[in-house]
Amino acid sequence: MFPKETYIARRKTLLEKMSSCAPEGKRGIVLFIGNVEAAAQYKDNAYKFRQDSSWLYYFGIDEPRFAAVIDLDGGEETIFADDVEIGDIIWMGPQPTVASKAALVGVGKSAPYGAVDSVVGKALAAGRKVHFLPPSRYYNTMKLSALLGIPEGEISAKTSEDLVKAVISMRLVKEDCEIAQLDDAGALGQEMHTVGRENIRLGIIEQEIVGKMEACTLAKGWGVSFATILTQHGEILHNHGHHNIVEPGRLMVIDAGAENDMHYASDYTRTYPTSGKFTTKQKEIYQIVCDCNELAFSLTKPGTAYRDVHLATARLMLENLKSLDIVRGDVDVMVEAGIAGLFQPHGLGHNMGLDVHDMEDLGEDLVGYDPDQKRSSQLGLGSLRMARRLVPGHVITDEPGIYFIPALIAKWKAEKTDKGFVNYGKLEKEYLDFGGIRLEDDVLVTADGARRLGPGRLPIRPEDVEWA
Ligand code: GLY
Ligand code: MN
């Protein structure tokens with residue numbers, strides 16, 4: 001937990017931001033619902049608890065079954081949770097009181113969990129607006145539905161856009177104390193990747209490497225920040241199968257990150273030659289992705305839209321694919337036509353923070369796009385999750401990739417989506433069994449440019465990732 005002043009200051013800023021949405025006396029209340037435990041099979045065998053990230057941001061308490069109300073008109077704050085009784089003490093041991101936990105985050109008033117029903121009920125009866133965020137868990141949807149008398153299916157549509165925008169504006173720009181946590185999660189993520197690289201051996205099952213990597217973050221942090229991707233089929237972007245035997249001559253994509261004990265994330269991707277050395281063909285494609293990663297980093301600075309950085313890397317990618325005779329024609333026209341999407345059907349990067357894809361539960365476009373930016377419908381650019389003009393404190397990933405996806409190549413060929421720019425003869429003859437390459441770093445936008453998070457940088461140049 002951060003010092004209580006951090007949470008007090010955040011809630012004060014939130015109150016100020018929300019004060020512009022209505023005149024005093026008409027602002028209503030903000031309702032936050034923390035996560036509860038989710039049964040794996042039966043109630044007492046629950047999945048590992050993960051607190052809601054916006055709750056953590058404003059209230060810090062990393063325990064299940066908490067809620068809070070902020071009165072936007074009077075400024076009063078209340079935390080709702082139950083003190084333990086003897087039945088809990090037998091199984092969990094003695095616990096601090098809810099009041100003392102609330103005091104740790106600067107909230108002076110607490111009440112039993114069930115009391116939130118009457119507080120919200122009273123606000124509704126008085127015709128006051130109840131602001132809430134889109135719930136990411138089913139329990140929270142159910143709870144909101146019951147509290148507000150809104151059918152579950154309508155909860156998402158009734159969330160408060162004013163609140164969503166206020167929260168996004170705050171969480172998007174990381175405070176110094178958060179950057180320290182992100183560096184810490186970066187250190188842990190880099191340790192995972194170092195272990196991963198050192199454990200690539202022909203003949204073993206991929207899962208053995210996954211286990212050793214995840215042991216690092218479980219030993220020193222909370223766990224993984226998302227389900228580890230480790231595969232010799234990197235052309236399947238989020239391949240979570242780890243059952244294959246490591247074979248010679250393949251490319252292994254490892255996309256994995258750590259979540260530290262304060263729940264900040266890291267997210268790195270490296271691609272290794274399973275035999276220790278790239279073939280010439282692999283190295284050519286690897287070098288293009290590596291150059292795109294470097295270009296993106298060099299362009300990352302305040303004032304630049306990340307959408308333009310995505311497009312600059314798409315241009316470089318196509319230029320280099322053209323020199324390999326994989327695509328043919330005018331590069332600028334190809335960029336405009338979205339031809340890069342055949343090879344990189346995802347965006348250059350996303351926001352990162354308390355969530356590895358930060359705040360996507362609050363709405364991808366609201367999080368990743370400035371009000372005057374419109375999301376593209378092109379494959380690749382349309383999946384860009386962070387397009388905004390950059391400001392100091394933004395934390396983003398830089399993750400270009402090139403993939404040869406047989407089904408996508410066949411579809412584009414059949415539907416002539418490439419408008420004649422793609423040399424299918426070469427692709428079909430030489431690249432259908434290539435796999436994919438992705439290279440990802442985590443980047444902080446600074447006052448005059450950017451720096452990579454974490455203590456150093458995972459090896460990335462082809463000669464540095466190869467081994468004897
Ligand atoms: N590293 C997983 C993702 O960005 O989706
Ligand atoms: Mn990522």
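The values are calculated or read from the model by the stated rules, or taken from the named source; none is laboratory data. Please read these numbers as outputs of a predicted model, since none were measured by experiment. Note that we place each Cβ from the backbone using ideal geometry, even for glycine, and neighbour counts take in every protein chain shown. These accessible areas exclude ligands, DNA and RNA; they are computed on the full protein's heavy atoms, side chains included. Shrake-Rupley method; radii C 1.70, N 1.55, O 1.52, S 1.80 Å.
Within region 28-49, how many residues are at pLDDT below 95 and either part of a helix (DSSP H, G or I) or within 27 Å of Asp73 (Cα to Cα) (or both)?
The number of residues fulfilling the criteria is 0.
Out of (1) of a type outside the set (A, V, I, L, M); (2) within 15 Å of ligand 2 (Cβ to nearest atom); (3) buried (at least 23 other Cβ atoms within 10 Å of the Cβ), the odd one out for Phe297 is which?
(3)
Quick grid of which residues meet (1) touching a strand residue (DSSP E or B) at 6+ places or on another chain (Cβ under 8 Å); (2) surrounded by fewer than 18 Cβ atoms within 10 Å (Cβ to Cβ); (3) under 24 Å from Leu31 (Cβ atoms):
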position: Phe132; (1), (2), (3): yes, no, yes
position: Lys143; (1), (2), (3): yes, no, yes
position: Ile150; (1), (2), (3): no, yes, yes
position: Gly153; (1), (2), (3): no, yes, yes
position: Ala157; (1), (2), (3): no, yes, yes
position: Ser169; (1), (2), (3): no, yes, yes
position: Asp184; (1), (2), (3): no, no, no
position: Ile200; (1), (2), (3): yes, no, no
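Filter region 210-236 for residues that are within 15 Å of ligand 1 (Cβ to nearest atom) and out of contact with any strand residue (DSSP E or B) (no Cβ under 7 Å at 6 or more places or on another chain); which is nearest to Pro462 (Cα to Cα)?
Ile236
Go through (1) at pLDDT 95 or above; (2) more than 15 Å from ligand 1 (Cβ to nearest atom); (3) not aliphatic (A, V, I, L, M) and name the single condition Gly241 misses.
Evaluating Gly241 over (1) at pLDDT 95 or above; (2) more than 15 Å from ligand 1 (Cβ to nearest atom); (3) not aliphatic (A, V, I, L, M) leaves (1) as the failure.
Would you point out the residue of region 202-218, among those that are assigned to a helix (DSSP H, G or I) and in contact with a His (Cβ under 7 Å, 6 or more places away or on another chain), that is surrounded by the fewest Cβ atoms within 10 Å (Cβ to Cβ)? Spell out the reasoning first.
Keep residues of region 202-218 that are assigned to a helix (DSSP H, G or I), which gives 206-218.
Remaining after also requiring in contact with a His (Cβ under 7 Å, 6 or more places away or on another chain): 206-207, 210.
Details: Glu206: 21, Gln207: 14, Val210: 23.
Checking each candidate, the answer is Gln207.
If I ask for residues that are closer than 15 Å to Ala123 by Cα and not hydrophobic (A, V, I, L, M, F, W, C), which ones from region 146-160 would you list?
Passing the criteria: only Gly149.
What single numbered condition from (1) in contact with a helix residue (DSSP H, G or I) (Cβ under 6 Å, 6 or more places away or on another chain); (2) part of a loop (DSSP other than H, G, I, E, B) fails to hold for Ile402?
Only one criterion in (1) in contact with a helix residue (DSSP H, G or I) (Cβ under 6 Å, 6 or more places away or on another chain); (2) part of a loop (DSSP other than H, G, I, E, B) is unmet by Ile402, namely (2).
Just wondering, is there one or more residues in region 76-87 that are polar (S, T, N, Q), touching a residue at least 60 places away in the same chain (Cβ under 8 Å) and surrounded by 14 or more Cβ atoms within 10 Å (Cβ to Cβ)? First the steps, then the outcome.
So the first thing to find is which residues in region 76-87 are polar (S, T, N, Q), and the list is 78.
So of that shortlist, the ones also touching a residue at least 60 places away in the same chain (Cβ under 8 Å) come out as none.
Among the residues of region 76-87, not one is polar (S, T, N, Q), touching a residue at least 60 places away in the same chain (Cβ under 8 Å) and surrounded by 14 or more Cβ atoms within 10 Å (Cβ to Cβ), which makes the answer no.
Among the listed residues Asp370, Asp358, which satisfies the condition of being touching a strand residue (DSSP E or B) at 6+ places or on another chain (Cβ under 8 Å) and open to solvent by less than 10 Å² (accessible area, probe 1.4 Å)? Walk me through how you get there before you give the answer.
Working: Asp370 fails: open to solvent by less than 10 Å² (accessible area, probe 1.4 Å).
Unique residue meeting the criteria: Asp358.
Within region 233-245, is there a residue that is within 16 Å of ligand 2 (Cβ to nearest atom) and open to solvent by less than 10 Å² (accessible area, probe 1.4 Å)?
Yes, there is a match, as at least one residue in region 233-245 is within 16 Å of ligand 2 (Cβ to nearest atom) and open to solvent by less than 10 Å² (accessible area, probe 1.4 Å).
Can you find even one residue in region 421-442 that is more than 16 Å from ligand 2 (Cβ to nearest atom) and within 27 Å of Gly257 (Cβ to Cβ)?
The initial filter retains those residues of region 421-442 that are more than 16 Å from ligand 2 (Cβ to nearest atom), namely 421-435.
So of that shortlist, the ones also within 27 Å of Gly257 (Cβ to Cβ) come out as 434-435.
Checked region 421-442: at least one residue is more than 16 Å from ligand 2 (Cβ to nearest atom) and within 27 Å of Gly257 (Cβ to Cβ).
Identify, by number, the condition in (1) more than 30 Å from Ser323 (Cβ to Cβ); (2) open to solvent by less than 10 Å² (accessible area, probe 1.4 Å) that Ile339 doesn't meet.
All conditions pass for Ile339, except number (1).
Condition test on Leu348, is it under 20 Å from Arg451 (Cβ atoms) and in a loop (DSSP other than H, G, I, E, B)? If you could, list the steps in order and put the result at the bottom.
Details: under 20 Å from Arg451 (Cβ atoms): yes; in a loop (DSSP other than H, G, I, E, B): yes.
Against the criterion (under 20 Å from Arg451 (Cβ atoms) and in a loop (DSSP other than H, G, I, E, B)), Leu348 qualifies.
I'd like the residue in region 338-381 that is away from ligand 2 (no atom under 12 Å from the Cβ) and of a type in the set (D, E, K, R) and, out of all such residues, is farthest from the chain's Cα centre (by Cα). Full working, then the answer.
Quick first cut of region 338-381, residues away from ligand 2 (no atom under 12 Å from the Cβ) only: 338-345, 353-354, 359, 361-381.
If we keep only those that are of a type in the set (D, E, K, R) too, we end up with 361, 364-365, 370, 372, 374-375.
On the way: Asp361: 10, Glu364: 11, Asp365: 14, Asp370: 18, Asp372: 23, Lys374: 21, Arg375: 18 Å.
This residue is Asp372.
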